[in-house]
1. Return yes when D73 is under 25 Å from G95 (Cα atoms) and of a type in the set (D, E, K, R) and no when it is not.
2. Could you give me the residue pairs with C-beta distances under 8 Å whose first residue belongs to segment 73-86 and is closer than 10 Å to L15 by Cβ, whose second residue is surrounded by 13 or more Cβ atoms within 10 Å (Cβ to Cβ) and among the small types (G, A, S) wherever it lies, and which are 6+ apart or on separate chains?
3. Give the residue, chosen from K57, K49, that is farther than 13 Å from I4 by Cβ and in contact with a Lys or Arg (Cβ under 9 Å, 6 or more places away or on another chain).
4. When segment 60-71 is examined, which residues are found to be β-branched (V, I, T) and either surrounded by 11 or more Cβ atoms within 10 Å (Cβ to Cβ) or on the phi > 0 side of the Ramachandran plot (or both)?
5. Could you please find all residues in segment 60-93 being in a loop (DSSP other than H, G, I, E, B), within 22 Å of the chain's Cα centre (by Cα) and not hydrophobic (A, V, I, L, M, F, W, C)?
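Bear in mind that the values in this text are calculations on the coordinates, not laboratory data. Note that the structure is a prediction, hence the values are computed from the model and not measured. For neighbour counting, all protein chains shown are included, and Cβ atoms are generated from backbone atoms with ideal geometry for every residue, glycine included.
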Amino acid sequence: MSMIEVISDVKNSLLARRELTCTFRGLAGKLKKPEAVDMVSKQFNLDGKVVVPIILKNETGRPMVSGTFYIYDDEKLARKHLKPAIFSRQEKAKGGGEKVEGETKETPAEKAEEKKEPKDTKKVKEAKEPEKKEAKEPKEPKEPKKETKESKEPEKESK
């Protein structure tokens, strides 16, 4: 008896893909998406096709995992139809994704060093800061005008 049991196998001609839903017996909590893709591709002879795991769902109280997979003939079509996050997670699970020529992996410390400003510009900024502080110092507060009784009362003319 096989560990993989097919629930549904539908050919979606509109989206040019095959949608496969199946269960994996006895693998709850142990099965990962890349392993599931390998098992499905070996079971159904899908060499040269793009198998995209959409969801793996554990059943409560049973050691079964149900999974949905989309099988495309062309990877460009798959990338066009599905969200980019699905492929980025799939590449991350495989081992970091693709490397561009001449690009090396940098540690977080190296990235932080690149973001820092050169030492020369820091010195220039420090030199300018005291000038700004001196210019922005508050001026001496003006003394409020003292009102006198004479200024409040209008002048009375004597008759």
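1. yes
2. Sorted first by the residue in segment 73-86, then by its partner, the pairs are L77/A16.
3. On the way: K57 fails: in contact with a Lys or Arg (Cβ under 9 Å, 6 or more places away or on another chain).
That would be K49, the only listed residue that is farther than 13 Å from I4 by Cβ and in contact with a Lys or Arg (Cβ under 9 Å, 6 or more places away or on another chain).
4. In the first step, residues of segment 60-71 are kept if they are β-branched (V, I, T); the result is 60, 65, 68, 71.
Hits for segment 60-71 are V65, T68, I71.
5. Pass one, segment 60-93, residues in a loop (DSSP other than H, G, I, E, B): 60-63, 73-74, 82-83.
Now restrict to residues that are within 22 Å of the chain's Cα centre (by Cα): 82-83.
K83, the sole residue that qualifies.
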